[in-house]
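Here is the structure we will look at, set down as structure tokens.
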């Protein structure tokens, strides 16, 4: 944890802008461009000049906004920095303690499962022994006794083993969820290719596809991907 002392300002002063004045300039610009028509090179140049003016107004508004939000952002950052270290330490402590509690519960569950499997093994061995004795009696012609042995064998079941319940502690609960991890992406993709109804299980990585397309340009050949050009118009503030 960092030992650096963070200074939090005692107060932050801001100057509230006039909302009507802010909206008036933006609304006037919008009304102008809505009615403006570009019919030739001269009106295109006028549009370009107006575009630079709009960019300049937007930049001025952004500077005004930052003048207000800057001190607030700085104060918020100072508060976040002050609390970040202790919160991270407590979060780490929470994770360690939860891990130890889960380990204890899982050990109890393993013991119960082992006891259940042991009880089932004993019951199975008893059934097999009785069934063998029944077959031997039947071979001797003692069918009545054999039938009794068979019936008794069918009645042998494993002794019930109660699943351990976690200690009843106020505010503590344990839940079980089903999770997953992809260990073989190639196998997953092959399976989905053979079962198109599962295609929604995967999504295209737009970031990596965009980088790939930018590298190859219009020569990109990716089945199922439409490659096209688009134009944008950039302008600088006046």
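The values are calculated or read from the model by the stated rules, or taken from the named source; none is laboratory data. The structure displayed is predicted, hence computed values, not measured ones. FYI the Cβ positions are ideal-geometry reconstructions off the backbone, even for glycines, and counts take in every protein chain you see.
When the range 90-99 is filtered for residues that are over 13 Å from residue 174 (Cβ atoms) and either exposed (fewer than 11 other Cβ atoms within 10 Å of the Cβ) or modelled with pLDDT under 95 (or both), the ones remaining, listed by number, are 90, 91, 93, 94, 95, 96, 97.
Go through (1) more than 27 Å from residue 12 (Cβ to Cβ); (2) in contact (Cβ under 8 Å) with a residue 40 or more places away in the chain for residue 93 and report which single condition fails. The one condition residue 93 does not meet is (2). Regarding the range 195-203, can at least one residue be identified that is part of a helix (DSSP H, G or I) and surrounded by 14 or more Cβ atoms within 10 Å (Cβ to Cβ)? Scanning the range 195-203, I find no residue that is part of a helix (DSSP H, G or I) and surrounded by 14 or more Cβ atoms within 10 Å (Cβ to Cβ), so the answer is no. Being over 24 Å from residue 236 (Cβ atoms), surrounded by 13 or more Cβ atoms within 10 Å (Cβ to Cβ) and free of Cβ contacts under 8 Å to residues at least 24 places away in the same chain is a property that residue 76 has. Annotation note: of 224, 144, 217, 171, the sole residue that is outside any loop (DSSP other than H, G, I, E, B) and at positive phi is 217. Here residue 158 fulfils each of the conditions (1) exposed (fewer than 12 other Cβ atoms within 10 Å of the Cβ); (2) modelled with pLDDT under 85; (3) closer than 28 Å to residue 113 by Cβ apart from (1).
So which pairs qualify, if the first residue must be in the range 104-121 and farther than 16 Å from residue 174 by Cβ, the second must be assigned to a helix (DSSP H, G or I) and modelled with pLDDT of 90 or more, the Cβ gap must be under 8 Å, and the two must be at least 6 apart or on different chains? Note: no pairs meet the criteria.
Which of (1) under 30 Å from residue 113 (Cβ atoms); (2) at pLDDT 90 or above is the odd one out, the single condition residue 211 does not satisfy? All conditions pass for residue 211, except number (1). The residue that is nearest to residue 61 (Cα to Cα), among those in the range 5-33 that are at pLDDT below 85 and in contact with a helix residue (DSSP H, G or I) (Cβ under 6 Å, 6 or more places away or on another chain), is 14. Among the residues of the range 98-117, not a single one is closer than 30 Å to residue 7 by Cβ, under 38 Å from the mean Cα position of the chain (by Cα) and part of a helix (DSSP H, G or I).
Per-residue answers, yes or no, for (1) within 30 Å of residue 13 (Cβ to Cβ); (2) modelled with pLDDT of 85 or more; (3) out of contact with any helix residue (DSSP H, G or I) (no Cβ under 8 Å at 6 or more places or on another chain):
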{"position": "78", "(1), (2), (3)": "yes, yes, yes"}
{"position": "101", "(1), (2), (3)": "no, yes, yes"}
{"position": "108", "(1), (2), (3)": "no, yes, yes"}
{"position": "146", "(1), (2), (3)": "no, yes, no"}
{"position": "175", "(1), (2), (3)": "no, no, yes"}
{"position": "178", "(1), (2), (3)": "no, yes, yes"}
{"position": "182", "(1), (2), (3)": "no, yes, no"}
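Can you pull out the residues in the range 22-46 that are part of a helix (DSSP H, G or I), more than 46 Å from the chain's Cα centre (by Cα) and surrounded by 10 or more Cβ atoms within 10 Å (Cβ to Cβ)?
Filtering the range 22-46 down to residues part of a helix (DSSP H, G or I) leaves 22-35, 41-46.
Filter once more, so that each one left must be more than 46 Å from the chain's Cα centre (by Cα): 35, 41-46.
Result: 43, 44, 45, 46.
Residue 64 falls short on exactly one of the conditions (1) farther than 20 Å from residue 235 by Cα; (2) surrounded by 13 or more Cβ atoms within 10 Å (Cβ to Cβ); (3) free of Cβ contacts under 8 Å to residues at least 24 places away in the same chain, and that condition is (3).
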